[in-house]
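These notes are about the structure you will find just below.
The values are calculated or read from the model by the stated rules, or taken from the named source; none is laboratory data. What you are looking at is a predicted structure, and each value in this text was computed from that prediction instead of being measured. Cβ coordinates were reconstructed from backbone atoms using ideal geometry, including for glycine residues, and neighbour counts include every protein chain displayed. Ligands, DNA and RNA are stripped out before the accessible areas are found, and what is left, the full protein with its side chains, is counted by its heavy atoms. Shrake-Rupley method; radii C 1.70, N 1.55, O 1.52, S 1.80 Å.
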Amino acid sequence: RRITTYQLVDNITYVRAAHTFKGGINFRYQKHEDLRSSVGGLNTNRFVNFAAPTPGANFNIPASPTIQANDRTRLITTVNDLLGRVGTIQQSFVAADDSSFAPAGTLYNFDARYAEYDFYLQDSWKIRPNLTFDYGLRWEPKMAPRAGSGTTILVPDQPVKLGAPPSNTLKWVEGQLFDDDWNNFSPSVGLAWDPFKDGKTSVRINYRLAYDRINSFAAGSQIFPNSPGTTLGISNTAFGNSANELGRVRFGIPAIVPPSTPAQLRQPIPFSTNSVTVFDPDFRFPKVNQWGLSLQHELGKGFVVEANYIGRRGVGLFGGYDVNQVDIFARDPGCTETFLQAFNTLRSSSTAQSCLIDKLLSSDTRRGALSGSNYFRTTLFPTQLSQGNIAATAISLSQRQNTTTGNPRTIEASGVSPFFFQPYPQFTGAVNVLDSNDFSTYHAMELQISRRFAQGWSFQLAYTLAKSLDTRSFDPTQTQVARGTLQSAGATPFDLRNRRLNYARSDFDRRHSLQGYFVYDLPFGRDRDYLKDVPGFVNQLIGGWEVAGVLIYTSGRPFTVYSGINTVSNAVGSTANCNDCRSGMGHVYVENGLNFYFDPDQRAKFSFPEPGQQGNLPRNFFDVDNYFNLDMVVGKKFGIRENTNLEFRAEIKNATNHPSFDNPTAVFTNALFGRIRDSVTSASRRIQLAMKFTF
């Protein structure tokens, strides 16, 4: 990636009596160029492997117990390699224009432009010698990305977002990801006051509305190279599956040829298990309300104390969701029950039958003489039924395909609407929508005392009591729809009908935080308080020593406990249920020689939520143990001449060698649930010795 930013900045200041007026512009024009060899899920260079299915009975090599199973697999793989039997031939292609792809090996090259135009006016009004009032207004129009020379931005020809009409005829056409955002007006106001007019005390209060910028990485990595008709990845497995004497490198590796034109691929087929990412056409730039109150007072002798209150409220924050999450409440006109009701009916009894399940599987000839309900219960989803894993079942049914009918999709061949489970069957894998609907809140009290360096020592110590809440926490540059049971998946909506379910403590929330540093010149030797008159060689040993340190002590970071099943959404796992659990439950302890966070009695409190219900544990409910780290430096300067000295330093990382443990395994279905083992967020103690000669 190469980013070039052209920027024009100009400011003007006009002072009149007690007013200082300022105004200015800041125009930014960013050019983001992507040059990629990996697009369409594959590489633009041809890739060949030798992991082919072998002819016959794997060269008649005996099976276990004659040959150990892993050794037999290695031997078969080695024979394949020596014969040069091709497994797959893979290559991706880049569109040259609507009618053709560029020659094989051509790299993907995309040029996107991002324009921002900022204006501001401000007045600093000195009402009294000890009272200043600031107020101003910014206007920050921000444009949607544009395509540079030789490139085209493709978007769906219909709105793709929550609540839009379902469709299996989406087509990608030239257009804008979203509308330009012109109404970004940002007021600010502030007050600074010296109540005693002695220059030792200050009171500050302020408010500002700020707009965030859009990062170019999300569109450059997820949208532009993956829009249908832009790139195409192809895998050839037929050549390697040829007869015994064919399918080898010595017969020549066939070229891969795109079977369709880019224009044809811009209209994806009505059903696939592929995924795609789009921008919400109603996207707006994020904004943050910021306010604060600060009290500062000088105590004398270099000591300063400070107390601050800081508040933040972010709205319209950059985020994303899978609009193609399955609808477990779907209902077919021919039956009176929803899919959730049908699922629970089959859970309730080993003989129960469901009209809806029978209909969904009516075209599936693999069930034989079994009814759809019995086939569902005994063959397809017995484990999912027992666990209540309804959303995983729904996505499996949505993607299920027949092999003996003209319509490859089971539910459509059964006469059910193609949109029964998902509104966009062209991409049943996922339709990830990058949007601006997340929000956050932050409140903090900060207390600080510091001393300026004097008489050989200085320090600063700060304590923060804070609470940070949000619906997603990670760096917006990496915005994506995280899935499964990763800790980052807690940013993906648990339920599209209620996105506030994700509103909980931030991933980085630390309720208590104590941080500080100190610098101390030991008071021995010449020009110090003690042993001033020692001989020169003694002063070289005991004088000029310095000790410094940096301390961090915080509450532990929060984490989410997942059930390991999907009771609402197929995109992200539901949280677990926990009976009579407290957020402070759990601490690091040793069980059978391994570190655990939850003991056996605590682990017994967890259970699965019911189908259709989110677990009773919120996102980020539990905290790991506190974090502690002390780094220190011990150093000394040896004077050689007036302008020459030799400095020795011993730098100690994690001086106390204190371990701070990471999250435990936090998925209830995992056999290692509650175990930390040796996962830590701290490094072991390290001591580095250094010498520096200054002249």
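Could you please find all residues in region 642-661 being open to solvent by 40 Å² or more (accessible area, probe 1.4 Å), assigned to a loop (DSSP other than H, G, I, E, B) and more than 14 Å from Ser679 (Cβ to Cβ)?
Glu642, Asn643, Thr656, Asn657, His658 - these are the residues of region 642-661 that are open to solvent by 40 Å² or more (accessible area, probe 1.4 Å), assigned to a loop (DSSP other than H, G, I, E, B) and more than 14 Å from Ser679 (Cβ to Cβ).
Residue-by-condition table, conditions (1) crowded, with 21+ Cβ neighbours inside 10 Å; (2) modelled with pLDDT of 95 or more:
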position	(1), (2)
Ser354	yes, yes
Arg367	no, no
Tyr375	no, yes
Pro382	no, yes
Thr428	yes, yes
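Which number in (1) of a type outside the set (Ser, Thr, Tyr); (2) over 30 Å from Asn226 (Cα atoms); (3) within 30 Å of the chain's Cα centre (by Cα) marks the one condition that Leu83 misses?
(3)
From the list Phe303, Phe343, Phe318, which one is surrounded by 15 or more Cβ atoms within 10 Å (Cβ to Cβ), of a type in the set (Phe, Trp, Tyr) and over 29 Å from the mean Cα position of the chain (by Cα)?
Phe343
Out of all the residues in region 533-572, which are aliphatic (A, V, I, L, M) and in a strand (DSSP E or B)?
The answer is Val547, Ala548, Val550, Leu551, Ile552, Val572.
Could you say which residue among Asn109, Asn80 is surrounded by 13 or more Cβ atoms within 10 Å (Cβ to Cβ) and not in a strand (DSSP E or B)?
Asn80
Output the residues belonging to region 662-685 that are outside any loop (DSSP other than H, G, I, E, B) and open to solvent by 40 Å² or more (accessible area, probe 1.4 Å).
Passing the criteria: Arg675, Val680.
Select from region 17-49 the residues that are hydrophobic (A, V, I, L, M, F, W, C) and assigned to a strand (DSSP E or B) and write down the one among them that is least open to solvent (accessible area, probe 1.4 Å).
Val39
Are there any pairs, at least 6 apart or on different chains, whose C-beta atoms fall under 9 Å, with the first in region 582-593 and within 24 Å of Asn620 (Cα to Cα) and aromatic (Phe, Trp, Tyr) and the second at pLDDT 90 or above and surrounded by 13 or more Cβ atoms within 10 Å (Cβ to Cβ), and if so, which?
Final answer for the pair search is Tyr589/Asn595; Tyr589/Phe596; Tyr589/Tyr597; Tyr589/Asp599.
So Leu317 ticks every box in (1) within 30 Å of Gln448 (Cβ to Cβ); (2) out of contact with any helix residue (DSSP H, G or I) (no Cβ under 9 Å at 6 or more places or on another chain); (3) of a type outside the set (Ser, Thr, Tyr) but one. Which box is left unticked?
Leu317 satisfies every listed condition except (2).
Which ones in region 233-277 are in a strand (DSSP E or B) and either open to solvent by 40 Å² or more (accessible area, probe 1.4 Å) or farther than 26 Å from Phe419 by Cα (or both)?
Across region 233-277, the qualifying residues are Gly233, Ile234, Ser235, Asn236, Arg248, Ser275.
Only strands (runs of 3 or more DSSP E) wholly contained in region 149-207 count here; list those with 3 or more residues that are without any contact (Cβ under 8 Å) to a residue 60 or more places away in the chain and either in contact with a Lys or Arg (Cβ under 8 Å, 6 or more places away or on another chain) or among the small types (Gly, Ala, Ser) (or both).
Filter on region 149-207 gives 185-193.
Somewhere in region 554-576, is a residue more than 30 Å from Phe303 (Cα to Cα), under 27 Å from the mean Cα position of the chain (by Cα) and open to solvent by 50 Å² or more (accessible area, probe 1.4 Å)?
yes
Would you be able to tell me the number of residues in region 104-129 that are in contact with a Gly (Cβ under 7 Å, 6 or more places away or on another chain) and under 26 Å from Asp10 (Cα atoms)?
Here the count works out to 6.
Anything in region 671-695 that is farther than 20 Å from Gly586 by Cα and either at pLDDT 95 or above or not basic (Lys, Arg) (or both)? List them, or say none.
Ala683, Ser684, Arg685, Arg686, Ile687, Gln688, Leu689, Ala690, Met691, Phe693, Thr694, Phe695
Among residues belonging to region 287-324 that are part of a loop (DSSP other than H, G, I, E, B) and modelled with pLDDT under 95, point out the one that is farthest from Ser436 (Cα to Cα).
Lys301
Residues that are polar (S, T, N, Q), closer than 30 Å to Val590 by Cα and touching a Ser or Thr at 6+ places or on another chain (Cβ under 7 Å): does region 631-650 have at least one?
No, because not a single residue in region 631-650 is polar (S, T, N, Q), closer than 30 Å to Val590 by Cα and touching a Ser or Thr at 6+ places or on another chain (Cβ under 7 Å).
Give the residues of region 584-608 that are in contact with a Lys or Arg (Cβ under 9 Å, 6 or more places away or on another chain) and surrounded by 14 or more Cβ atoms within 10 Å (Cβ to Cβ), sorted by residue number.
The answer is Met585, Asn595, Phe596, Tyr597, Phe598.
In this structure, is Arg204 within 28 Å of Ala115 (Cβ to Cβ), modelled with pLDDT of 95 or more and open to solvent by 20 Å² or more (accessible area, probe 1.4 Å)?
Taking the combined requirement at face value, the residue does not satisfy it.
Answer yes or no: is there a residue in region 542-550 that is of a type in the set (D, E, K, R) and either open to solvent by less than 30 Å² (accessible area, probe 1.4 Å) or within 26 Å of the chain's Cα centre (by Cα) (or both).
no
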